[in-house]
Structure formats: structure tokens, C-alpha cells
1. In whole angstrom, note down how far apart the Cα centers of region B:81-106 and region C:395-429 are.
2. Hey, with R₀ at 60 Å, roughly what FRET efficiency would B:V36 and C:S607 work out to, going by the Cβ-Cβ distance, to 0.05?
3. Under a point-charge model restricted to the Cβ atoms of Lys and Arg (+1) and Asp and Glu (-1), what is the dipole moment magnitude of region A:62-200 relative to its Cα centre, in debye to the nearest 20?
4. Sorting B:F253, B:F186, C:F216 on the 10 Å Cβ count, fewest up front, what's the list?
5. Assign one of three labels to region C:110-572, namely rounded, prolate or oblate, based on the Cα gyration tensor with a ≥ b ≥ c the square roots of its eigenvalues; rounded applies when a/c is under 1.5, prolate when it is not and a/b is larger than b/c, and oblate otherwise.
6. Roughly how big is region C:110-572's charge dipole about its Cα centre, with Cβ charges of +1 (Lys, Arg) and -1 (Asp, Glu), in debye to the nearest 20?
7. For every other residue with a beta carbon closer than 12 angstrom to the beta carbon of B:Q158, add +1 if it is Lys or Arg and -1 if Asp or Glu, then tell me the sum.
8. Which ordering of C:M301, C:M465 is given by a fewest-first count of other beta-carbon atoms within 10 Å?
Amino acid sequence: MSTATVTLTHGPEELGEVRGRQRLAVLLLIAADAAFVLSLVFTYFYLRALDTEGGWIPQDGRTVGPTAGWVIAGVAVLSAVAYRWGELGIRGGRRGRLLAGSSAALLLVLADAALQTIQLGNLPMPTTDGAYASSFIVLAGYHLVHLVMTAVFGIGICNRARLGRFSAANHSHVEMVGLWWIWVAVSALLTAFTTSFVGT
Amino acid sequence: MTDTLTTAPADAPGGPPTVPAWKRAPIAPILGIFVVLCALLTPFALFVPAHLMGDAASAHMRGIESTVTAFSLASVPVAALVWAVTIYSIIGWRHRGSEPPAEEAPPLRGNTVVQVVWLVLSSVLCLFLLIWGLAVLRPTPSAASAGQPLMVEVTGQQWTWSFGYPDNGNATADRLVLPVNQPVQFRVTSKDVIHSFWIVQMGVKVDANPGETTLASVTPDRIGTFDIRCAELCGLYHAYMQTTVQVVSADQFASWVQAQPRATS
Amino acid sequence: MVDTAVAETAIGREPRRRVPRLNVLTGVVCGLILAGAGWGVSSWLLSAGDYGADRVVSITMVCWAVGFLVGVGALAGPIRWLLGRDLSVADEHVLAGKDQGVGRYFRFTTDHKVVGVQYLVLSMTLFGVGGLLAMLIRTQLIRPGARFVSPQTYNTIVGMHGIIMIIGTIIMVSGPFGNFILPIMIGARDMAFPRLNALSFWLICAAVPVLLATFFFGGIPTGWSVYAPLSDQAPAGMDCFLITIIIFAISSGIAGVNITTTAVKMRARGMTWTRTPIFVFGTVSSVALGVIAFPMFMAAMVLEGLNRTTGTVFYDAAHGGSAWLYAHLFWLMGHPEVYVILLPAFAAVLELTPVFARKPLFSFLGAVTGIAGIIGLSMFVWAHHMFISGWAPALDGPFMLTTELISIPTGLLILVLLGTLWRGTVWMRLPVMATFAMLWNFIIGGITGIYLSDVPVDQAMHGSMFVTAHFHFTLMGGALTGFAGALAYWFPKMTGRMLDERLGMIGFWIIQIGFNVTFLGMFAVGLAGQPRRVADYPSLFATGNLVSSIGAYIIGSGALIYLYAVVHSWRHGRRAPGNPWGAKTLEWQVPTPVPLENFTVLPVVTSDFYGYGEGGSAAPTPAPRRIAAPVPSGAAATTQEGGTA
């Protein structure tokens, strides 16, 4: 196999086409991530329903209340809203609003990550006792992973917004990260909902 | 997706309209191969699987063996049909050469009748399998009708089985002895990893899960010694996690179980 | 992910230094350095306690993978995106391996044709290793009481054979042909996301050494299904296994997203769904199914990894966990995965059969329906692997039904193959041999699968050699045979040379004969009651096992011949013309070797690709009529398209 040099006979690909591809790909990636999250949710409810040998709740009965989970999910939702506000701004060509919205969203995500870390660092139950503890930790921990990933994307978007890379006509990356951001908020709500069911 | 493909213009008779398509096809030789294959496969299906599975020691296992035989027989015409066409296509339709052959074959793009018949036949076969399977699965309540089943506790641990008889003063044993013609219910569990309790000749198999008790029941109806094997990979000596079950007369069983040590709990 | 406007802004800054090209060597060096650092730090900080060894091994392996990817240059694109310094069009061409000779095969090259060849070599390497392990297994089992290897080693070999072959077969068709052939087949210049494409390949390359490291950390005693809680007891080799699967799941997820997007969004103008080749349907449905299925496998592995490194209790019944949870997560992936393996290979055979029968595909709609039916049902059959686990005996009936229903769409695919052969002019070349062998093997595999779907029969057969023989008949006799045919079919396009027909035929049929001997023998001992995955067996099963082992050696020698044919033809084979088979799909209409941009002028499709015998009896011309230059108004194309576009 040799390398043939062919002159490009096609121009830059159409923006709309590229955006359509990116959108489908991001939705598929979200579907894959959703399969992972739903596996963890399934784990939670399955072990709770089985309650093998009464071992769901830790032996001393201490559990995490549902409130903190909803607060953490609430912050995630707020950050998604802030991001969306910025995204709608760039749709009208307002770069400043995109920068403000995505920066606020990024800060909220970092705050949420801090909250989640504090919660995981101060669990009332030992990690090695009870399927409840294990199932809770993995759900909350994966939310933390989500937040870290979102923060990386957010840094990229903020930086590129700062550099003025987006315009009303061309901001598909903002939209793609926005889809992910919404999914992270949905997944946080799902986690909060799931971990609200504590006792059997 | 539209239907246009199956009714493509190619479907219209290309040759003289008087001869239907199937008459031009080499039906006779394919039928011949089909018949020969059926003649070869039918005795195979009738005798070989059941023979390999050995003599059954319970009605349940006999049901399984007849199921295998019935399914084999039902699949003989299916396999024979597919293979007959395959074999004929190798012999009768082959073309040799280094250049692509001319495109002279009839461009068939589907045939509604054939497809519908094929689908209906496979659905009917499927239904047959399901009904047969459910029918064989069902008649386990013989245990209920024949009075109280003998309870046997089976515990797997790496890499041995142990047995308990709670109905007989908590007798314990490291081998399994059962009275003939008496319904038995096994309560199976494990101390460490997943094992699978398998009495080969009785068609009994159920996983031994740690922390769970699973049930299986059978009525052994033949006196003799049969094999118990572990059917779930359970670590180093999985291959050697096997023992035997002895089926004896009711009297022999009673005296044997009397002589066993009692659980100390 | 080329952002067009970004590319335009970058052009303004040229000329700039070309992107530096790292290669596999820098990857290995960087991986080893980071692994060493990870090992040092983790053994200093974390090695104490119950979970110390597992933590150290896990961290070291993750460090290796990350270091390897950094060193091979996989993260350059994302980092530059973060910094806002995107790659220019010229950079992208360099990354695509333009004018770089053989070296581009050892680099993070984004050209889909390079990735396809890389995948091909990787999957054949995996088959080599997995096949060698199979030979060891059959040598151990050649007679009862054999002590060729210890039970510990034997269990590891069985598990490693399983997982290596599973990974190899998952990537064997959608990797090489899905990457090399599929974009050309649909008239695209590359995959939708070339960098993700390369990433999916190099992720597997990062995972393979981790998998092989399993041997040096005590092995795995569990088989490839790594059932918990046995996996909790396993030595540190299990950590390597878990990390491998996690990396592989990420890789196949990325590859699945990429191939699906490419096929859905980048088909040539006029290529409506009814004109899309069936191979595209098979591959896309397979990888899209994998996108949903593999995260569940990954979840099962992550939970197990947490059990082993942090003391969570997901599968530990003594603390409220459940072994059934693992089985559910595993088989929720495990059964769809079977079709992930099978469908692309089956679709490749459906693709090549019309070419050699010189007839249209018999009922394109039937084939698509069959594939869709299999995909749809495959998500609802997982519990047939758990009939005897006791988790819910009441659900045995429904799962028996869904499992048996799968025989209907599968039967439809068989009918399509038979109908395509029917009254054809079957050109007896090497690729079409796969059609015949598959029709033979797959009928056996399918029928024995129906036995196993029946709950009472499964009570006798589950966990026995019968199951082993059954799934080898479907995955090896069906899928791997399809791969052998697909390789022979697309070899001229991928390598520019013809596969040696004589040696190939000899090797192929020796493999088929050996295969049938091996696994018919295994059916016999399975029916007689030999459990699977045993290192030893009673003398009752001696004859069947001897037959199986002899058959395995026959397979081994046939595979060596086929491999020799492939390697030899690749280097010294006869030069292939652009379209040696007279096929009509688009990949055969571009020159061989395929130019970097595939098409100088993108094709417009005006009919489907199976019109054999419908345009008179003329042999296909090198530049068939169906490919027209792009019509500015699109009027010529749309007259035949109707409203379907």
C-alpha cells in the first residue's frame, strides 16, 4: 500500500453537516453513559430489594439522609441552567453572555464537586458494611466523576469563549457540551431520587 | 423501508410466461439430496443423543431425553433442507474460472410466498418448542401429590459437597443417599462461591449461591449409584468437586440415616 | 472533530511547525515511565492493609494505559482543543499519515484505512495468542488424569483463551472492515471522527499488555465470565483483567459511536436506507448494540474493582451483596455481545454471497428485518444464562419464549443466504466458501442453541461441554468463518494483492474439518455429562476428549496454513486489480491502493448495489454506470430517488 497524494477537490465540509454528526455522536455517548448510570441504579434497587440476609442497612443502622443528595443535584441543575443561558446568548451572537454563563456554570460545577467530595469524605457508615453503603458510594462517586469530566469540558468552552472562537453561526461545540451538561444534571437528579430510597 | 424491493420488476417472469418459476428450478435433485439427508439424520436424531445421555434415573431426566430426541427429530427436516440447497448449489450451480461469470442467473429479489411460508413454518416450530418445553417443565407437582417430600440440605464449599437430613433428626453426611421412589426436595446453598449442584442421571441442576437457598426436586426411580458434579467453575479444584449419590430401598435408607452423626447445632 | 470555522482561523496562522509525530515506541516508553512512577508512589503510600496489593496493581496498570496514550500522541488533539490552539488542516493531513510510508502504521494515524489495517493485524495477533491457549487446553484434556499444566494454570489459560477470543472476535469484522471498507462503501472520505477512530484502536493496544500481565500476577481462576464472588478471592491478576475490560469497554463505545455516526450521517448522496449495503446494516447494528451493552459490562467490572480495592460488598452475600447482581450485569451485556460478534460477520457473508452467486441479495428487506429482529430480541434474553441460578424460576417461561423467538429472525437470514444462492451462477472462489461453511456450521449451532433455550434440557446441559461446543459452533463456525470469508473478499482492496487461493482453500477447509471434529466430539462428552472448564475428567469421557483434541490440532495446522497464505500473499501475492470480483459496491470502484481521500469526486447513488443480472448480461465495467459525477442541481439523481431521500 503506498500513499497517493490526491489534491483536495472538496471544500470545507458544511457546518450543518458537521453539527449533525456531532449531535448524533454526543447523543450516542450519552446513551452509553446512561447505560452505565442505569446499571448503578439497577444495582442500588436490586440489592435493596434482595436485602440478602438483612444486610442492606449497615449493622449500626446509620445512613445518609436524602437532603444532601437533592442539594447536590440542585447545584448541578443550576449550573446546567447557567450554561444554557450562556448558550442561548451565543445563539444571538453575544459572546460576553456565553463567557459569563459558562464561567458561572463552571464555578457551580466546581462547587458541586466540592460538596460531593465533602459528603463522601464524611459518611456516617463504614464502606465495608452493608450493600446500602456500597451502592450509595458508587452512585455519589460516579456523580463526582461526571462533575470532573464536565469541569474539563467547561474549562475548554470558557477558554475558547474567552478567545472568541464562537459566533452565532458557529458554536456547535457549545451546543454539544450543553447536551452533556443537561445529561449530567438529569443524572444527578436520578442519583438523588435513587438514594432517597434508603430503608427496605 | 418500502415493499418495492420484494416486488422488484425482476420478479416478473423473464422467460416464456407459460412455465412457472419453480418448474424451472432443479427441484428433483434437491429433493433427492433432502431425502437422503433425512434418511441419514433421522436415525441419528432418534438414537444418538439419547444414547449419549445415558440411562435416566428419574422421570424428569427421561422427559429431558425425550425432549432432546423430539427437538432433534423436528430439526432434521430443517437442517436437511438448508444443507440440501447448500450441497446442490456447490454441485449444480458452480462456476469455475478466473473471471467473474456472466450475470445470467435470474435476478430474484425475494419471493413473497416463500418468505411467508418460511416465517410461518419457523413460527410454528417455535410455538411447538415453547409448548413442549412448558409441558415438560410443568409436571413437578408430583412432589406435592405424593405426600411430604424428603428434605435434603445440600451445601457446597470449595471443593466438596455436604448433605443434611433435617427430617431425620438433623443427620449429616458427606455423601448423598436417597430412598427410591420417594420425592426429594433439595435446599441448596453455598458457603463461599457459586457452585452448581448437578445430579447427572436425574437431570437435577441448580446453583448453590452464597447467602441464598435454591430449590430443586426430583423423584429417583432407579436403585443404583449416580454422579454428582459441580457445574459452575468454582476455583482450583473445580474439576474434582464430584461425588456420587446412592439410591437405595426405603428400608436401607432408614437404617443408613439412623447411623449418621447428628448436627451439633 | 474538525470545526470548520476553527480550521479556517488556523489557516491564517500558517505556516507553522507541523505537529510532532509520536509513535508506538514513545508510547511504550512513556507508559513504562508512568507505570513505574505509579507503582513507586502507590507502593509507598497504599501498599499496607488488606487491599494494598490490589490497589498497587490497579494504579500501576491505569498509569501504564494513560502513559501509553499520552506517549503515542492520542491526547494531543483534546489538549489543544482545551488550550484553544486547534490543529490546522495541514496538521490533520499529517495526522492522517499523508506521505509517511510504513511508519504511519505504528503511529496515532487518523486515516481510516490505516486504522483498518491496524485492527486487522491486532485481531489476527489476538487469534494467534488465543489459539495457542486453545491448543494448550486441548493438550491438557487429551487424556484423563493429564498433568500437562497445574489446575491453577489451566483455569487461567481457559479464562484467558475466552477473553482474548472474545475481544478478538468483537473487533475482527467491525474493526478492520468496519473501518477500512465501510466508509468507502458508503461513499465517504473518512470516518466521522478520525481522531476518535485512532483512539479506539490505541486504547485496545494499551489494554492488551495489561491483559497479558494477568499471567504474571497469579492469573485468573474464574474463566472469562469472572463470576463473583470467586473473583473476590482471585489474585492480583484479576485487577489486570478488570482494567483491561474497562479500557476495552471505553474503546468499543468510542468505536461504536464513530461507526454509527459515520454510517447514519455520511452516506453518499442518493444512498437511501434501501440502497445501503447490508454489510453496513450488520456492522452498525452490532456496534450500536455494543454502545449500550458494554457500559453494563464496565459497570460490573468497576463494582468488582471497588470490591477488591476499597472493600465494598456488592457481590458479597455475607454483607448484603448478591452474586446474582453480577450475573445480571454480566449477562445483560453478555448476550447482546454474542450478536455484536456474530452480526457483522454474518452481514459480511450476506454482502459477498450476491457477488459470487451473480444474483441480487434475495430479499434485502428480509435481511434487514432479520438483523433488526435479532438486535431487538437480544436485549431480552439474558436470563437464559441464569435458568438454573435460582434467581426467579417463575420467569423461566418468558425467557424461554424470547430466546426461542430469536430463531425466527435468524432463520430469515438463513433464508436470504439460500435464496441468494438459489439458481445462481456460484463462482467458486475462496470468499464464498465461507457461505457454505457457515450454512453448515450455523445450522448445528442454532439447533443446539434451541436445546439450551429449553429450560428442562438446560437443567441437564447447563455448564457442560455441550454449551462450550454450542457457542463455538456459532461464534467460531459462524462468526469466525464469516471473518475468514470477509478477509479473503476484501484482502485485494486492503493490501493491493490477491490472497493465495490454493493455500487459502486448503487452510480454510482443514480448519472447517478440524472444527467439526473437535466440537462434535465435545457435544458427545457434553451430552454424557462432562462439565465445562474442568482440568481433568473421569475416564468415561476419554474417547470424546481424544477426538476433540485431535480435531483441535487439525484446526491449528489449518490455521497456520491460512495464516501463512495471508502473510505470504500480503508480501508477495499477485497484484490485485481494482475490482477482481466484479462487485458493484462502491469500495470496488475506487482504485487500489485506495487514495488518501478515497474519492476524487464523491459518488451519487441511483440504485442499490445488488443489481446483478438486471442490466443485461454484460460484465461490470471498471467504472459502472451507477456512479455519476455530482450533478449540481441533483435533478438526475432525484428522478429515481423518489421521495425517499
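Values quoted throughout were computed directly from the atomic coordinates according to the rules given, and no laboratory measurement underlies them. Remember, predicted model here, so these are calculated numbers, not experimental data. Cβ placement follows ideal geometry from the backbone for every residue including glycine, while neighbour counts extend to all protein chains displayed.
1. With region B:81-106 and region C:395-429 each reduced to a Cα centre, they are spaced 20 Å.
2. 0.90
3. Charge dipole, region A:62-200, about its Cα centre: 620 debye, nearest 20.
4. C:F216, B:F253, B:F186
5. In terms of gyration-tensor shape, rounded.
6. 1480 debye
7. Numbers: positive: B:K191; negative: B:D192, B:E232.
Around B:Q158, the charge tally is -1.
8. Numbers: C:M301 25, C:M465 29.
With the sparsest Cβ surroundings first, the list reads C:M301, C:M465.
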